[in-house]
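Encoded as structure tokens, the structure appears first; notes follow it.
Every number in this text was worked out from the coordinates using simple rules, so none of it is lab data. Just so you know, these numbers come straight off a predicted model, no measurement behind them. Glycine also receives a Cβ, built like all others from the backbone with ideal geometry; neighbour counts cover every protein chain displayed.
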Amino acid sequence: MGHRIGIDLGGTKIEALTLDAQGREVFRKRVPAPTSGYDATLAAVAAIAREAGEGSLGIGIPGALSPVTGLVKNANSTHLIGHPFKQDLERALGREVRMANDANCFALSEAVDGAAAGAEVVFGVILGTGVGGGVVVRGQVLTGPNAIAGEWGHNPLPLPTAQDLPLRECYCHRLGCIEAYLSGPSFARDHEQATGERLSPEEIVRRGAEATLARYEERLARALGSIINVLDPDVVVLGGGMSNVQRIYDNVPKIWGRYIFSDYVATRLVRAMHGDSSGVRGAAWLWGGPPPPQ
């Protein structure tokens, strides 16, 4: 196997990574994601793919390809929706591309040799510009016949309390989606509504805004509790900007037992080992995982 190239198309950045046959990094680049629409995004991804060199090419996108039409659906980068992104990119590059949901790429990377290595069932969570999820079972991504496996961000937030009302509108136009409460921008909006302060998520965390952080943790515990009830994963691994809030890993497991139908919860909540580069590594492995360690 020659070089493997992965590209992670996020809400705020595009990252490319090239790995050699031994899985060693030989190229990496990160550029801001265009904000001006579909054509600019297509051109930017094609440009960074050419720069990354020759080899198998896998791309993680913040959405999914419809198994029926091949068009992008469910993308919080809404300018991608309804476009034949895979076909357009293959035409622009003159080569075959494998494309998958970014959270699936993230979960695959962490399950193969990251924070969840060796676990049988892994639920990978992205808490970033949007809220995504991916399921890996025995080293294989679970996609599902509708290409939506793991899409917990568009379930309703369980058991809304007075603090959660009125239900927030999500970009998908449904009310009360988990994403509308647990994404980075939603966290900042929640703080602004409660305090009148317009701050970035990083600044809110830096200031130690206890009430805002406690609301976030309780909502995250509720939302993950419902996932654990259905999937019962060995490990839940968090990525995305909000995964950098260290107190989550202590506080959320202390809360989620209230919402989990078990006398004991063995599921571990861990932070991604490969940080915000996990998605791009998983994308590179859409053509097959890394070689076994020497």
Per 5 angstrom bin, beginning at 0 and ending with the bin that holds the maximum distance, the Cα pairs of the stretch 17-88 fall in percents of 3, 14, 24, 22, 16, 13, 6, 1
In deg cm²/dmol and to the nearest 500, what is the mean residue ellipticity at 222 nm of the chain if only DSSP H runs of at least 4 residues count, each as -39500 (n - 2.57), divided by the residue total?
-9500 deg cm²/dmol
What do you get for GluC sites (Glu not before Pro) in the stretch 185-281 restricted to DSSP loop and a cutoff of at most 15 other Cβ within 10 Å of the site's Cβ?
Glu197
Once both labels are modelled 7 Å past Cα along the beta-carbon direction, what's the Val68-Glu25 spacing in nm?
4.1
Report, please, the projected area of the stretch 115-272 averaged over directions, based on the convex hull of its C-alpha atoms, in nm².
9.2
Apply the Karplus parameterisation 6.51 cos²θ - 1.76 cosθ + 1.60, with θ equal to phi minus 60°, to every residue of the stretch 33-41 and state each ³J(HN,Hα) to the nearest whole Hz, in sequence, with x for glycine and proline.
6, x, 10, 9, x, 5, 4, 5, 5
If I model a spin label as a point 7 Å beyond the Cα along the Cα-Cβ vector, how far apart are those points for Gln140 and Ala40 in nm?
4.1
Based on DSSP loop calls and a cut-off of at most 15 other Cβ atoms within 10 Å, the longest stretch of the chain free of exposed trypsin sites (Lys or Arg not before Pro) is what?
25-94
Among the lysines, which fall within straight-line cross-link reach of Lys73, defined as a Cα-Cα distance under 17 Å, with same-chain neighbours fewer than 8 residues apart omitted?
Lys86
Kindly state, to the nearest 0.05, the FRET efficiency for Tyr171 paired with Arg268, given R0 = 35 Å and r defined as their beta-carbon distance.
0.70
Give me the distance between the Cα centres of the stretch 23-88 and the stretch 99-162, rounded to whole Å.
19
0 to 90° range, to nearest 10: angle between helix 210-231 axis and the chain longest Cα axis
70
Alpha-carbon gyration tensor eigenvalues x 5, square-rooted, for the stretch 142-223, Å
25, 14, 12
